[in-house]
1. Only Cα pairs under 8 Å and at least 6 apart count here; give the relative contact order of chain A as a rounded whole percent.
2. Just for the protein assembly as shown, what percent of DSSP beta bridges are antiparallel, to the closest 5?
3. What order do you get for B:MET137, B:MET171 when you list them from fewest to most C-beta neighbours inside 10 Å?
4. Report the label-to-label distance for B:PHE13 and B:ASP66 in nanometres (one decimal), using points 7 Å from each Cα along the Cα→Cβ vector.
5. ³J(HN,Hα) across the stretch B:83-95 via Karplus (A = 6.51, B = -1.76, C = 1.60, θ = phi - 60°), whole Hz, x for Gly/Pro?
6. Given B:GLN262, A:LEU63, A:VAL29, which one lies farthest toward the positive end of the charge dipole of the protein assembly as shown, if we put +1 on the Cβ of every Lys and Arg and -1 on the Cβ of every Asp and Glu?
7. Measure up B:LYS73/B:LYS211; B:LYS42/B:LYS84; A:LYS289/B:LYS69; B:LYS69/B:LYS210; A:LYS288/B:LYS15; A:LYS289/B:LYS68 against 21 Å on the Cα-Cα distance and list the ones that go over.
8. Quick one: putting +1 on the C-beta of Lys and Arg, -1 on the C-beta of Asp and Glu, what dipole do you get for chain B around its Cα centre, in Debye to the nearest 20?
Amino acid sequence: MWQLLQIELLKIFRKPRTYISFGAIAIMVIIIQIALKFDGRSYIEFIVGGLKESLEIPYTHILNGYFVCFVILNLLLIHIPLLIALVAGDSIAGEANMGTLRLLASKPVSRTGLMLAKFMATVIYTALLLIWLACIALLLSILLFGKNDILIARNDALEIIRSNDVIWRYLAAFAFATLALTTVASLAFLLSVFAENSIGPIVSTISIVIVFTILSEMQIPLYDRTVKPFLFTSHMLAWKGFFYSKMGADGSAIPGTIENFRAIGKSSLILGAYIFGFVSTAIIVFNKKDILS
Amino acid sequence: MSLVTVTRLSKQFRKHLAVDDLSFSVEEGDVYGFLGQNGAGKSTTIRMLLTLVAPTAGHISLFGLDLKKERNKILSQVGAVIEKPDLYKYLSAFENLSLFARMSGKKIGRKELYAQLEMVGIADRMDDKVRTYSQGMKQRLGIAVALIHNPRLIILDEPTNGLDPQGIADMRNLILHLSRHLNKTVIVSSHLLYEIEQISTRMLIIDQGKKMVEGTVASLMDPSKTMLEVDLADPQTALQLLEETKWFSYFQKRTNSGLLFQLPKELIPELNRALVNLQIPVLSLQTKTSLEAYFLSITRNKQHVAAFTD
């Protein structure tokens with residue numbers, strides 16, 4: 001299995017297409033950082049809304065590396081699935097299109113082993129993409145903006161998390177984001193089994209994510225109870241929960257706490273179930289598939 | 001013991017029966033020709049031998065082992081080029097070969113990889129990306145991939161497709177080399193009779209997924225079945241004149257430019273004389289091998305077969 005995984009990683013990272021995602025993320029992050037560096041005040045005013053009239057906002061303190069990273073994650077994590085689909089959707093269909101699938105499948109390795117190696121390679125790619133995002137969104141932002149307490153805007157209030165209570169939240173958020181994006185990767189992986197070129201699964205994955213996201217955001221009571229809780233897109237943004245602390249009696253955030261850990265756990269389980277379902281189905285279908293490409 | 005035994009193999013794709021109750025066996029050391037028109041079921045059969053396609057019915061055993069039960073053990077002793085030798089274009093020849101060598105389950109060192117590339121004649125360009133290779137070079141690399149783990153059985157599906165005449169000759173020599181000097185068993189499929197006839201020791205002809213004949217090439221070379229194509233200025237009139245003679249019983253069909261006969265070789269001069277005596281201007285006489293004649297007689301679309309055996 002380790003040998004197969006090494007081979008799959010070699011194929012992913014020797015393909016020029018793989019680096020489109022890394023390049024795209026770097027460009028988007030830097031664009032946001034430049035915008036916030038030159039006009040971060042307007043963005044903060046937009047977040048605090050009417051509170052700026054009643055409170056004295058310490059703009060220079062708020063605009064720090066931790067805050068900028070939080071903004072970047074908010075803006076980007078919804079779009080990164082599109083980049084994940086580029087590689088995951090190509091994993092089987094791309095091989096079928098190139099004609100290499102028949103060569104791979106006629107080697108003395110089980111189809112299940114081959115699929116697991118491909119999926120694990122996709123997960124590693126997803127994790128590396130997020131590590132890359134963490135490096136440039138968190139480390140570069142700290143370098144450019146420094147460190148300080150982080151201001152989090154919630155539905156009904158503003159929350160301030162102390163700077164010494166932030167890093168573990170980011171690590172947890174990136175770990176959760178890896179799980180969320182792996183769900184998208186596993187969907188693209190499943191669709192890839194049915195196709196003979198990678199465009200189909202990539203476009204289909206993106207379409208499904210868009211439709212599910214729209215459904216997740218729709219404010220229709222019937223769907224709130226029946227559909228939304230089961231859509232994976234409803235759970236993909238649960239990483240924000242790591243930045244919502246329990247509040248003390250004085251209304252300040254209690255360091256080291258998470259307001260609703262249960263909800264994050266539930267979202268993790270649902271995403272895990274989706275991953276298991278998508279990957280198992282992909283393996284079953286691939287094991288029965290006649291390779292005619 | 002047969003190296004490959006296929007028993008009552010069938011494959012149905014929805015309403016299309018691609019392979020129909022096919023049985024054959026390949027002996028150790030054979031160069032086994034697998035001949036049939038495009039769409040006859042050759043590639044489907046080969047894909048079933050390589051577990052790419054699941055049979056609807058039937059049984060396959062290789063090296064005395066059940067393919068279904070001992071898949072990996074069997075495939076570790078098989079090398080194959082299936083249709084085009086498609087490889088990773090963004091990797092070099094060396095990287096491609098190394099990658100597939102690792103998948104074969106055997107430890108293969110750098111020296112062996114280099115030796116293999118040298119054997120197929122692309123060692124000097126082994127670090128170049130495959131996307132820069134010609135079709136012939138890709139085919140050679142495909143062969144290197146098929147041979148790198150020293151398999152007992154080599155399966156080549158239409159190996160000369162897309163090759164120039166020199167490439168075709170090289171491929172033929174390579175197959176003969178594998179068989180004669182390295183004692184490999186080779187299954188080679190083609191729709192080109194000439195190709196199979198030149199290299200095979202035994203052969204199978206299939207049509208519409210069914211076995212038409214299996215045997216040694218020599219046994220199929222029946223001298224009583226020479227096919228003669230006679231080019232004539234006016235084939236229609238000639239046919240009318242011949243209708244009253246004994247030669248009409250040897251007549252097979254009209255071709256684009258004349259008439260096709262099947263007759264013993266020694267009767268050819270006599271037929272020529274008869275045509276001249278009937279004042280039918282003969283433009284040319286062209287014999288086809290007896291195997292061609294046989295192929296023509298057993299496959300369904302004779303007009304089509306005649307076209308691609310010319």
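Each value in this text was obtained by applying a stated rule to the coordinates, not by laboratory testing. What you are looking at is a predicted structure, and each value in this text was computed from that prediction instead of being measured. Note that each Cβ is placed from the backbone with ideal geometry, even for glycine, and that neighbours are counted across all protein chains shown.
1. Values: 352 pairs, mean separation 70.9, N = 293.
24 percent.
2. The answer is about 70 percent antiparallel.
3. Placing the least packed residue first, the sequence is B:MET137, B:MET171.
4. 2.8
5. Calculated HN-Hα couplings, in order: 6, 6, x, 7, 10, 6, 5, 8, 10, 7, 4, 4, 5 Hz.
6. A:LEU63
7. B:LYS73/B:LYS211; B:LYS69/B:LYS210
8. With Lys and Arg at +1 and Asp and Glu at -1, about 1340 debye.
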